[in-house]
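Notes to accompany the following structure.
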Amino acid sequence: MYLTAVIDWYSRCIVGWEVDDTLDARMVIIALKKAFMVANCYPEFRLGLSVYKQ
């Protein structure tokens, strides 16, 4: 199991995440899409996004 999390550095909140059995780019893209949907709803999440894969 692999976890990809997108974290907003300003608020220190996880704004997007995805779990999958394989470590590939598709998982990161899905997590980023989730994070951008949150960023469109909440303007305070628009800056400082980072992606962590574990």
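Couple of notes before you dig in:
- Across segment 3-13, coupling constants 3J(HN,Hα) worked out from phi with the 6.51/-1.76/1.60 Karplus curve, θ = phi - 60°, read 10, 10, 10, 10, 10, 7, 5, 5, 8, 6, 9 Hz, and Gly and Pro carry x.
- Modelled this way, with points 7 Å down the Cα-to-C-beta line, the labels at Asp24 and Tyr10 are 3.5 nm from one another.
- Under-5 Å amide H pairs with Gly16, H placed in peptide plane, nonlocal only: Val6
- Other residues within the sphere of radius under 11 Å centred on the Cβ of Lys33, judged by their own Cβ, net out at +1 (K and R +1, D and E -1).
Readers should treat all values here as calculations from the given coordinates under stated rules, not as data from a laboratory. Nothing here was measured: the structure is a model prediction, and the numbers come from that model. Please note: Cβ atoms are built from the backbone with ideal geometry, for glycine as well, and neighbour counts cover all protein chains shown.
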